Each structure stands twice: as C-alpha cells, then as structure tokens.
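The values are calculated or read from the model by the stated rules, or taken from the named source; none is laboratory data. This is a predicted model, so every value here is computed, not measured. Neighbour counts are summed over all protein chains in view; Cβ atoms, including those assigned to glycine, are modelled from backbone coordinates with ideal geometry. Heads up: the accessible areas ignore ligands, DNA and RNA and are worked out on the full protein's heavy atoms, side chains in. Shrake-Rupley method; radii C 1.70, N 1.55, O 1.52, S 1.80 Å.
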Amino acid sequence: MRSIELFYVIFNIVLLGWLVFGRNKSQRGILIAGGMSMLFLLVHGIIEGMRWQMIPTYLMTLFFLVVVVIRHFFNPKVQKEQQSSMRRLRVVLNSTLAVLYSAIAVSLPIVLPVFTFEKPAGPYQIGTVTYDWEDTKREETLTPELGDKRELMVQIWYPADTNAKGNTAPYISDSAVFAEGYSKILNLPKFLFTNFGYVKTHAIENAEISNQETTYPVLLFSHGFSGHKNQNTFQIEQLVSQGYIVVGIDHTYSSTTSVFSDGRIANYVPQKTESIAYLDKANEGWVEDAKFVLDQVEQLAQNDPENRFTGRMDMENIGMFGHSFGGATSTQMLMTDSRIKAALSMDGVLYGKLRVPADGLKKPFMMMSADDSIREAKETDGKEFIEFVNETLPRYEYVTVGGNYWMKIKNMKHMGFSDLYLFSPLYERMEGVDIQKAYRLINDYSLDFFNHYLKHQPFKLLEQNIGDYPEFTLQKG
C-alpha cells in the first residue's frame, strides 16, 4: 500500500469508529473530519492516482459527507423510550458493518498492491531509453500479411550520474494494453492488472550516462514465453546499479504485448508450446532476435546518434541472461555467437538447435533452477509429460562440465525468477515462495557470476558456497 493510501485508509477507519462508537459528536467536529477525509482523497488522487481497489475507502469519504448533510438538514426527534430500546441493536448492527467494511477497505489495497522494487544496492543511479528496431532482412512469420518485417521493441538500462534528474520511468509503457495482455494469457479479469500502471521503477528516462567508468559491460536479457522485456526489473535494476548496461528484448508476438513507437500493438500469439519440435525451431527465431539486437547495440557503441552510448559500451565483455525460454535463448547464444562471453539461464529448459557438448560449453555458464521444476520433472506420471522429460532431461547432462555452475533453489517456483509474484502477496503465499529472499539470492549470485567473468573480479560467493545449504544446492563441474 502506498504511503498516502495508508494514512488515508487509517484515517477513515478511525473516523468511522468515532462515528459509530463516539458520543456527543458535534456538527462542527463531523464537518471538520469529513473535510479532512475529502482532503486525503484529493491529495491521494493527485499525487498517487486513484485505483479501483480503494473504492471502499472512497465510499467511506462519501458516507461521511452524507452524514454531515443529514445532520445539518434533518434532526428527527425521537422519543427517549424509542432511543433506549433501539440503541443496543443499532450499536451491534453498526459495529458489525463498520468492522466488515473496514476489513474490505484495508484488504483490497494490500492483496492487490501498487508494488515497489527494492532499492538498488549499487553506487549508480539508473537511466533508461527505449528503441523500436526493424530487421529489414527477416520476414515476420507470426503475422498473416506478406512482406512484414521482424520488428522488436528494445529497452536499454544503463548507469547514470548520481545527480541525474528527470522523469521516473513507469514499469510498463501502456497499462491498459498490458492489463489486457495479462488478462488473456492468465485467464483472469483485466481489472486485476490495472495496478501495474501505477508501478514506478528506479530508472530515469533519458538520463546522462555516468562518467565514473569509461565503459560498462553489456548484458542482453531475454524473457520467457508470454513474458516481456521488463519482467525482471527486480534483477535488471540491481545489475545496472552495479555498473552494467542491460539490453531487454521484447520477442514480438511471443511477449505479453509489444507497443511500438507509433502506437501499433502486437499482442501475444498462442503457439504450440507443448511441442518440443516446435519450441526447438521457435528458439532459432529468438536467437536471431538476440543476434540482430546485438548488431544494433554494436552500432550504438560505435556511433550513437544521441551520443549517449558512443564509446561507452565494453563490447569485449558481453553476457546474456534469460528466464525460461529466454534462458534457453541465452544458452544457444553462448554456443553460437562468439560475442557472448558468459551466460545465465534461469529455469530454462534447454530448447534450441544445439546440444551442450559432452566436453562442456567451454565458456562460462550458470544454470539456476527452481526445485519445484526439477521435482515436477521427476514425479509427474502423465504420459505426455514423461515423453517430454525423456526428451529434454538428457540435455542437462553436461551443463556443469568444465567448471560451470548449477544452482537449485529450494522452495522455489518457475515464475519466482520474474516480477510476477509481486502482483499479490496472496499469490506468493499460495505458492509458498518467500519472493524477496529468492530475489536477493538470484541477484547476489548472478552479480557474482558476471562480475567475475565480465569485470574480472574475484569470486565472493560462487566458489565459496559449493554444496548443499538450507536455501539452495550449488554444483560445480
């Protein structure tokens, strides 16, 4: 719950309790209290923005104003005998309604909050800029129109000066479009996702890049099927604050939605995600997306028209990370593109054209897995799933060969590697995941991994924590 919201709700509940239980309430006192409630409403609406989860609290304010009007214009005379006989029943009824109403007013904003991201721990502020890039050499295969070219929305986050000023970037660019996208993909009512439009990040739009270092290593990020380029903001902001430039890719028509610079919308297109053969082939397209984006980034590093990134990207130290299908894409990029020096896959099945060789990847690689995903693979007895496991499980056999890492996080679910559990603490509790603890673990170890292989710093965690621990198991080949 946001700060003004919190004080507004508490004030209205206290005021409601006073109206129900208080004695000798003066007209002046009620008028002042109702006016303060209205003032809270106006301040909250102007600064934070109104949202439907707060409707019970807004109705409380309306109720107080109605009470003021009634007491001013109507003063019915009731016999003392009637007052005495009805008083107890009225108190019980009013108390029950007040408690029930207050519970609803408090619970809705808490269950569906305007969530916040943990403050980045690094020394840098964060800047961000978004691009709309078209690959004129590739046909778009997921639209019926002939001649469509592959077009991608890309967001870049980068270290900014400590005194950078500007507009704080929203979490998502168009809340109504994304709410519709989430609704269709998750089969839930659209209004549940309108909160995302109020979520702010720590990034400043078009900020000046920091001059603290000459260049910064570059990391590509690839989301999962039906995800989007911002879905790991919890992780991206932490990495950028520690001195990385992160390039997030929307894989058009496989993302929640893409909103192009001219307002056109490309929604998620349902695909054969149950077919291994289809996913292996589809991953080749995602790899082409990543290669094209990296080509564009190279051009920015050489000659940025806005002169932001010219000479500021360390193109000798490029890494990639991704979640789910994006993790598979990161692994394939590590094997196929010499520019990628290290890669991290978060709960990604190893789809794609190539297999991890028996003698290992020969490049730095780290796999993070949810214990729930591994357990499902071992315990599910459905025929189709068994066929799926028998086909894909052998692909992991040589993941750690050659000194690479595999972290298996305990009490973890597949979507815990994204921002999605921030949507509601109820969702987090239902899934049994302590998401903030999981985020800190992911951030600490992914930073340690990239710091070693791209910034050439000594390990602080990975080499020191091989083995089994209460929160995770870490293997090294």
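Remark: segment 439-444, residue by residue, has Karplus-estimated 3J(HN,Hα) of 4, 5, 5, 4, 5, 4 Hz, where x stands for each Gly or Pro and the curve is 6.51 cos²θ - 1.76 cosθ + 1.60 at θ = phi - 60°. Only protein heavy atoms count here; under a 1.4 Å probe, Y469 has an accessible surface of about 80 Å².
Just how many % of Cα pairs in segment 392-438 lie over 14 Å apart, if you round to the nearest whole percent? Write down the numbers at each step before the final one.
On the way: 619 of 1081 pairs.
Pairs farther apart than 14 Å: 57 percent.
Considering every alpha-carbon pair of segment 309-381, the percent of pairs per 5 Å bin, from zero through the bin containing the longest distance, is 3, 16, 22, 22, 15, 11, 6, 3, 1, 1, 0. For Y216, nonlocal amide neighbours, meaning residues 5 or more places apart or on other chains whose placed amide H falls under 5 Å from its own, are M313, D314. Compared with the direct C-alpha span, the chain from I10 to E463 gains 158.2 nm at full extension, assuming 0.36 nm per residue.
Taken about its Cα centre, segment 345-477 carries a charge dipole of about 520 debye when Lys and Arg each add +1 at the Cβ and Asp and Glu each add -1 at the Cβ.
For segment 142-286, the alpha carbon positions stretch 47, 35, 28 Å along the principal axes, listed from largest to smallest. The P(r) of segment 395-477 has a tail past 19 Å containing 46 percent of all C-alpha pairs.
When the chain is described by a simple charge dipole with +1 on each Lys and Arg Cβ and -1 on each Asp and Glu Cβ, the residue from G311, V111, A176 located farthest towards its positive end is V111. The tail of the calculated P(r) for segment 332-477 beyond 29 Å holds 18 percent of all Cα-Cα pairs.
Please compute the length gained on full extension between S107 and E391, using 0.36 nm multiplied by the number of residues separating them and subtracting their Cα-Cα distance. Write down the numbers at each step before the final one.
Numbers: separation 284, 0.36 × 284 = 102.24 nm, distance 4.55 nm.
Here the answer is 97.7 nm.
Accessible surface comparison of F450, F63, probe 1.4 Å, protein chains only, largest first: the order is F63, F450.
With contacts taken as Cα pairs under 8 Å at a separation of at least 6 residues, segment 136-190 carries a relative contact order of 17 percent. Relative to the Cα centre, the charge distribution of the chain, modelled as +1 at Lys and Arg Cβ and -1 at Asp and Glu Cβ, gives a dipole magnitude of about 2720 debye.
Here the 3J(HN,Hα) profile of segment 449-463, calculated from phi with Karplus coefficients 6.51, -1.76 and 1.60 at θ = phi - 60°, is 4, 6, 4, 6, 8, 10, 10, 6, 9, x, 4, 10, 10, 4, 5 Hz, Gly and Pro shown as x.
Structural size metrics of the chain, computed from C-alpha coordinates, are Rg and Dmax of 26.9, 94 Å.
Just the accessible area per residue of segment 208-287, please: how many Å² with a 1.4 Å probe?
On the way: 2520 Å² over 80 residues.
For segment 208-287, the per-residue accessible area is 31 Å².
Residues whose amide H lies under 5 Å from that of L361, counting only those 5 or more places away or on a different chain, are absent; hydrogens are built 1.01 Å from N in the peptide plane. Split the accessible area of the chain by element, probe 1.4 Å, and carbon with sulfur accounts for 57%. Here K229 is the anchor, and the lysines within straight C-alpha reach of less than 21 Å, apart from those fewer than 8 places off in the same chain, are K119, K149, K184, K190, K200, K291, K413. In percent, rounded to a whole number, the relative contact order of the chain is 12, using alpha-carbon pairs under 8 Å and six or more apart. Entry note, segment 124-235: relative contact order of 30 percent, from Cα contacts under 8 Å with a spacing of 6+ residues. Each residue of segment 123-135 is assigned a 3J(HN,Hα), and the resulting list reads x, 9, 6, 10, x, 8, 8, 10, 10, 10, 10, 10, 8 Hz, derived from the Karplus form 6.51 cos²θ - 1.76 cosθ + 1.60 (θ = phi - 60°), x at Gly and Pro.
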